[in-house]
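Working notes, structure below.
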Amino acid sequence: MDAEVSRPRVVVGVDGSSTSYAAVRWAVRYAALLGGTVDAVAAWELPGMYGWSAPAVDLDVDEEDTRDQITTDLTAALGTEAAASVRALVVHGNPADVLLRASEGAEALVVGSRGRGGFARALLGSVSQHVSYHASCPVVIVRPEAEHGTGTGTGTD
């Protein structure tokens, strides 16, 4: 049997925000405790994609841009060596739906409390709220590290 298949898997949503960086770091620490792997998932979707007219864009370019961005984000959050141990996945679609599908069978789904969109004062972003209601696995919602101390995870922050 393939050892990778039997290892616990932690899925984390990445969107380039500071909260997603904190979520990535949390997911890597948690996966290490479990002896598991991390799948970092970036969803890309064109604004207005489902409106009256189709956008005149190159979908391949947008996917390539997202692939480049997730690599940059993982390196920024973890450093080059640790980022290499995370499997980066780029999927076209609504971010909440993409994360729900990616997290099927996972030990946990980790997301930032709020991402790049929406209102900065919101306590919980629309994606984190949606996945917390609909995921088939436990969901961990990570706040920005500056909001709750040093981010050491010791409970003394």
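Select from the range 15-58 the residues that are among the aliphatic types (A, V, I, L, M), within 23 Å of residue 94 (Cβ to Cβ) and open to solvent by 30 Å² or more (accessible area, probe 1.4 Å) and write down the one among them that is modelled with the lowest pLDDT.
Going residue by residue through the range 15-58, those that are among the aliphatic types (A, V, I, L, M) are 22-24, 27-28, 31-34, 38, 40-43, 46, 49, 54, 56-57.
Now drop any that are not within 23 Å of residue 94 (Cβ to Cβ), which leaves 22-24, 27, 38, 40-43, 46, 49, 54, 56-57.
Adding the requirement that they be open to solvent by 30 Å² or more (accessible area, probe 1.4 Å) leaves 43, 49, 54, 56-57.
Values: 43: 89, 49: 50, 54: 54, 56: 53, 57: 53.
The qualifying residue modelled with the lowest pLDDT is 49.
Pairs needed: first member in the range 61-76, within 13 Å of residue 91 (Cα to Cα); second member anywhere, at pLDDT below 85 and not in a helix (DSSP H, G or I); C-beta distance under 7 Å; at least 6 residues apart or different chains.
Short answer, once both residue conditions are applied: 62/44; 62/46; 63/44; 66/44.
Here's a check for you: in the range 61-94, which residue that is hydrophobic (A, V, I, L, M, F, W, C) and out of contact with any helix residue (DSSP H, G or I) (no Cβ under 9 Å at 6 or more places or on another chain) is modelled with the lowest pLDDT? Please lay out each step first, then the result.
So the first thing to find is which residues in the range 61-94 are hydrophobic (A, V, I, L, M, F, W, C), and the list is 61, 70, 74, 76-78, 82-84, 86, 88-91.
After this cut, where a residue has to be out of contact with any helix residue (DSSP H, G or I) (no Cβ under 9 Å at 6 or more places or on another chain) as well, the list is 61, 70.
Details: 61: 55, 70: 92.
Among those that are hydrophobic (A, V, I, L, M, F, W, C) and out of contact with any helix residue (DSSP H, G or I) (no Cβ under 9 Å at 6 or more places or on another chain), it is 61.
The values are calculated or read from the model by the stated rules, or taken from the named source; none is laboratory data. Predicted, not measured: the structure shown is a model, and the values here were computed from it. Don't worry about glycine lacking a Cβ; one is built from the backbone with ideal geometry, like all the others, and counts go over all protein chains shown. Accessible surface is based on the protein model in full, side chains and every heavy atom, while ligands, DNA and RNA are left aside. Shrake-Rupley method; radii C 1.70, N 1.55, O 1.52, S 1.80 Å.
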